[in-house]
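For reference, the structure is listed below as structure tokens.
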Amino acid sequence: SPLEETSIPLFYGWFLLSSVQDKLRCTALDFLKTLDTMDAFKKHMADFSGKAEKEVDLEQYFNEKSTFHCTTKYCDYGRADGAKEYAQNPAVKKSYGSVFELSLVALFVTPRTVGARVVLTEEQLLLWPAEEEKQAESSSLPRGSRAHITLACAEGIEPVQTGLDLLQILALPQGEVVEEMGLGPLRYYGEGRWMLELRESIGAPAIFSSFYA
Ligand code: 2AM
């Protein structure tokens, strides 16, 4: 019936509690500000600006996203493949409205997106869709590798890009450490792709729920 169809949300995911959202926003902003001033970053500035000498203000370059969350299943109100099956999954129904603790292990920046990498527990993986979108380059990565929080996107970039950028980085050989930052080692992966591994992961309480626009 039409009523049942409209009951499937745009997406399911873990929504960060507001206290940790503010903290993560500050951490991400500090990271961008620091990155912007680093010689190693300036050396590769053309990845972002297109021109070798042109400076980039990363704070201006990216538009921050609101309501930080880690998408589990994009359902598109039931139109996406596997949406109905996901909505009916007993694990999904059982966990709906429960609080989980997400583990944020890295921050990454590309010319398109800024994100936080999330490593899921076995329990959290029960809520990860079975038919996760398969990308050619990521076919050998473990399930849940795409888990992330989109923090910001460049002009004209849709947030779905963040997970693709993360998978791309994870499929590459580990980048060289270009600097030990306060939070941990910063690695460069070429083509404007940077990843800061957090020496101490950030524990982020988040509610498993869904979003209807
Ligand atoms: P995100 O998870 O990287 O932030 C609404 O658009 C939300 O669903 C966003 O959070 C977005 O990206 C996510 N999203 C959009 N399209 C998607 C897709 N095809 N696959 C997975 N997630 C998607």
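Laid out as a table, the results:
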item	result
Qualifying residue in region 23-33 (condition: touching a Lys or Arg at 6+ places or on another chain (Cβ under 9 Å), at negative phi and surrounded by 17 or more Cβ atoms within 10 Å (Cβ to Cβ))	no
Those residues of region 73-84 which are free of Cβ contacts under 8 Å to residues at least 40 places away in the same chain and more than 9 Å from the ligand (Cβ to nearest atom), in sequence order	Arg79
In region 103-121, the residues that are of a type in the set (A, V, I, L, M, F, W, C) and either out of contact with any Ser or Thr (no Cβ under 9 Å at 6 or more places or on another chain) or under 24 Å from Ser49 (Cβ atoms) (or both)	Leu107, Phe108, Val109, Val114
Conditions (1) of a type in the set (A, V, I, L, M, F, W, C); (2) modelled with pLDDT of 95 or more; (3) outside any helix (DSSP H, G or I): number failed by Ala91	(3)
Selection status of Glu158, buried (at least 17 other Cβ atoms within 10 Å of the Cβ), of a type in the set (Asp, Glu) and within 15 Å of the chain's Cα centre (by Cα)	no
All positions within region 199-213 that are more than 16 Å from the ligand (Cβ to nearest atom) and not β-branched (Val, Ile, Thr)	Arg199, Glu200, Ser201, Gly203, Pro205
Exclusive hit being within 22 Å of Ser49 (Cα to Cα), in contact with a Phe, Trp or Tyr (Cβ under 8 Å, 6 or more places away or on another chain), away from the ligand (no atom under 16 Å from the Cβ) and not aromatic (Phe, Trp, Tyr), set Leu196, Leu151	Leu196
Qualifying residue in region 49-59 (condition: buried (at least 17 other Cβ atoms within 10 Å of the Cβ) and more than 16 Å from the ligand (Cβ to nearest atom))	yes
Residue that is farthest from Leu35 (Cα to Cα) [pool: residues in region 99-142 that are modelled with pLDDT of 95 or more, more than 15 Å from the ligand (Cβ to nearest atom) and part of a loop (DSSP other than H, G, I, E, B)]	Leu126
Qualifying residue in region 176-184 (condition: within 25 Å of Asn63 (Cβ to Cβ), among the aliphatic types (A, V, I, L, M), buried (at least 20 other Cβ atoms within 10 Å of the Cβ) and touching a helix residue (DSSP H, G or I) at 6+ places or on another chain (Cβ under 9 Å))	no
Which listed residue, of Glu59, Glu55, is among the acidic types (Asp, Glu) and either in a loop (DSSP other than H, G, I, E, B) or free of Cβ contacts under 8 Å to residues at least 24 places away in the same chain (or both)	Glu55
Scope region 154-184; condition closer than 18 Å to Leu24 by Cα and away from the ligand (no atom under 16 Å from the Cβ); matching residues	Met181, Gly182, Leu183, Gly184
Tyr86 being over 28 Å from Leu198 (Cβ atoms), of a type in the set (Ser, Thr, Tyr) and surrounded by fewer than 17 Cβ atoms within 10 Å (Cβ to Cβ)	no
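The values are calculated or read from the model by the stated rules, or taken from the named source; none is laboratory data. Since we're looking at a predicted model, the values are computed, not measured. Using ideal geometry, Cβ is built from the backbone for each residue, glycine included, and neighbour counts are taken over all protein chains shown.
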